[in-house]
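The values are calculated or read from the model by the stated rules, or taken from the named source; none is laboratory data. Note that the structure is predicted; figures quoted are calculated from it, not measured. Don't worry about glycine lacking a Cβ; one is built from the backbone with ideal geometry, like all the others, and counts go over all protein chains shown.
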Amino acid sequence: MNKKLGLAVAGALLALSSTANAGITIPAGDWTIDVSGNVNAYANWTSTDRVKGTAPTGGLAGTPDATGEKNTQGINTGLLPAWLSLSGKTRQNDLDVQWLISFQPNVSDQGGAVHGDSSTPLNRQAYFSFGDASWGSVKLGKDIGIFASDAILNDMTLLGVGGGAANSGAATTLGGIGSGYIYAGWKGQIAYTSPNWNGFQFTAGITNPNQIAGDDNSTARTLYQDRFGYEGKASYAWTGDVSGKVWVSAATYDVTVGSSSTVGDSYRANAWDLGGTVNVAGFGLTGYYYDGKGVGTTLFGNLGAQYSNGVAKRRDSNGGYVQATYVLPTQTKIGVAYGKSTLDNVAGDAGTLIEENKRWTVGAYHPLTKSVNLVAEYNRIKSEGQVSSNKTESDTFSLGGILFF
C-alpha cells in the first residue's frame with residue numbers, strides 16, 4: 001500500500017480500535033492528550049427498480065418508496081461515520097494507562113427535513129485501559145465488539161459506502177455488513193489482550209448482553225440476552241515484502257424469548273469466523289468466512305431463531321467475502337469485492353424470509369493529500385427470499401471523500 005493511502009487507512013482502523021490514533025497531541029502534565037477523527041460525506045444515486053414477488057424480510061437491497069419512486073438520491077456519511085475521538089495516555093506505577101471517549105455526528109438528517117438537526121449523534125466509545133507490554137492490558141468500557149471486528153476493519157468500503165445507501169438521512173451505510181459479515185457492534189466489555197509475541201496476540205472478554213426486539217419476526221416478543229456474552233479472538237501478523245495477518249474469533253450468548261407477561265424458551269447463539277489478508281508489491285487480497293447458529297444475519301442475533309408453540313428453533317447462518325485491491329502508479333487504490341450472507345430456514349418459516357444477501361463492490365480510492373481521500377464506488381446488492389421468486393436488487397453509485405486528522 002502506498003504511504004499516503006496507508007496513513008489514511010491506518011487512521012480509519014485505529015479510530016475503530018482500542019489504540020488511540022495519533023492526531024493532534026497536546027502535553028498536559030503527566031498526560032498526553034490526543035484529538036483525532038474524520039469527516040466524510042458521499043453523494044449516492046440508487047436505483048431500486050428490480051423487485052420480484054415480495055421483498056424479503058431481512059433483505060438489504062433497496063426497494064421503491066411508498067409513492068413508487070424507484071430512484072433515490074442522498075448525501076450521507078459512509079460506512080465509517082464522522083468521528084471525533086478524545087483520548088489520553090500516561091505511565092503510572094509501571095503501568096500504561098489510557099482512556100478514550102468518542103462521538104459520531106451525522107452529515108445528513110432526514111428526520112429534521114427543514115432544519116437538519118433532529119438526530120442524536122452516536123456515542124460508540126467510552127473506555128479506559130491499563131497494562132504493560134510484558135503481560136498485556138485490560139480494557140473496561142464500551143468499544144467495538146471482539147467477534148467479527150477484523151472483518152469490518154479489513155473491508156475496503158471502510159473508506160467508502162458499500163451497501164445500505166438507499167435511504168437518505170441514515171447515520172451510516174452498511175459497507176459489507178450483512179453481505180459478507182455480521183456487524184461486530186459496540187459493546188460494554190471487560191477484556192484482556194495479551195502481549196504481542198512476535199506477531200501473535202489474543203483477546204478474550206465478557207461483553208454486554210444487548211437485547212433485540214422482535215428478533216423472531218414477532219414485535220410482541222423480545223429476545224433477552226440476560227447473561228454476559230463471551231467473545232474472543234486470536235491473530236498473527238507479519239511484516240516484510242510480503243506482509244499480512246490471519247485471525248480467528250468466536251462469540252457465544254444465552255438468549256431467552258419473552259414478552260411483557262411471559263418468559264419462553266431459551267437457546268444459545270454461537271458464531272465463529274476466520275480470515276486473512278496478504279499484501280505484496282501493491283496487491284492486496286483478503287478472504288473471510290463466518291458460521292453461526294442462532295446468530296441470524298446482518299446484526300448479531302437478528303432473525304436468529306423462530307419461536308412458536310413455546311419452542312425456539314435456531315437458524316443456521318454463514319457467509320464471507322473476498323476482496324482484491326491494487327495501488328496504481330497514480331497512488332490510486334482500486335478494488336473489487338464480492339460478499340454473501342446466507343440464512344437457513346427452519347420448519348414453518350415464511351417464503352419471504354431472507355435466504356441470502358449478495359454484494360458486488362467496485363471502488364477507487366485516491367489520496368489527494370495525506371489526509372484527504374477521494375472515493376468513487378459502485379455497489380450492487382441482491383436479496384433473495386427462501387422462495388426464490390421473492391427477490392430485490394438495487395444499484396448504487398457513490399462519489400465523495402473522507403478526511404482524517
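A few points about this structure:
- Those residues of region 362-381 which are closer than 15 Å to Gly335 by Cα and of a type outside the set (Val, Ile, Thr), in sequence order: Gly363, Ala364, Tyr365, His366, Pro367, Asn373, Leu374, Ala376, Glu377, Tyr378, Asn379, Arg380
- Residue in region 359-381 that is assigned to a strand (DSSP E or B) and farther than 26 Å from Ala41 by Cβ present: no
- Some residue of region 373-383 being out of contact with any His (no Cβ under 6 Å at 6 or more places or on another chain), closer than 17 Å to Thr63 by Cα and either β-branched (Val, Ile, Thr) or at pLDDT below 95 (or both): yes
- Qualifying residues in region 368-384 (those that are touching a residue at least 60 places away in the same chain (Cβ under 8 Å) and over 23 Å from the mean Cα position of the chain (by Cα)) - the one surrounded by the most Cβ atoms within 10 Å (Cβ to Cβ): Lys370
- Residue within region 395-402 that is within 14 Å of Gly58 (Cβ to Cβ) and either in contact with a Ser or Thr (Cβ under 6 Å, 6 or more places away or on another chain) or touching a residue at least 12 places away in the same chain (Cβ under 8 Å) (or both) present: no
- Checked against the criteria, Gly385 counts as among the small types (Gly, Ala, Ser) and touching a Pro at 6+ places or on another chain (Cβ under 9 Å).
- Some residue of region 47-56 being assigned to a strand (DSSP E or B), modelled with pLDDT of 90 or more and touching a strand residue (DSSP E or B) at 6+ places or on another chain (Cβ under 8 Å): yes
- Meets criteria (hydrophobic (A, V, I, L, M, F, W, C) and within 17 Å of Leu158 (Cα to Cα)) for Ala82: yes
- Identity of the residue in region 169-196, assigned to a strand (DSSP E or B) and under 13 Å from the mean Cα position of the chain (by Cα), that ends up nearest to Gly301 (Cα to Cα): Tyr183
- Any hit, region 194-211, residues being touching a Pro at 6+ places or on another chain (Cβ under 8 Å) and modelled with pLDDT of 95 or more: yes
- Looking across Lys340, Lys358, Lys293, Lys313, one residue alone is more than 23 Å from the chain's Cα centre (by Cα) and basic (Lys, Arg). It is Lys313.
- Tabulated pairs, region 24-39, first over 27 Å from Gly78 (Cα atoms) and outside any strand (DSSP E or B), second at pLDDT 95 or above and not aromatic (Phe, Trp, Tyr), C-beta under 9 angstrom, 6+ apart or interchain: Gly29/Thr90; Asp30/Thr90; Asp30/Arg91; Asp30/Gln92
- Residues satisfying the stated conditions in region 371-387, i.e. among the acidic types (Asp, Glu) and under 30 Å from Ser36 (Cα atoms): Glu377
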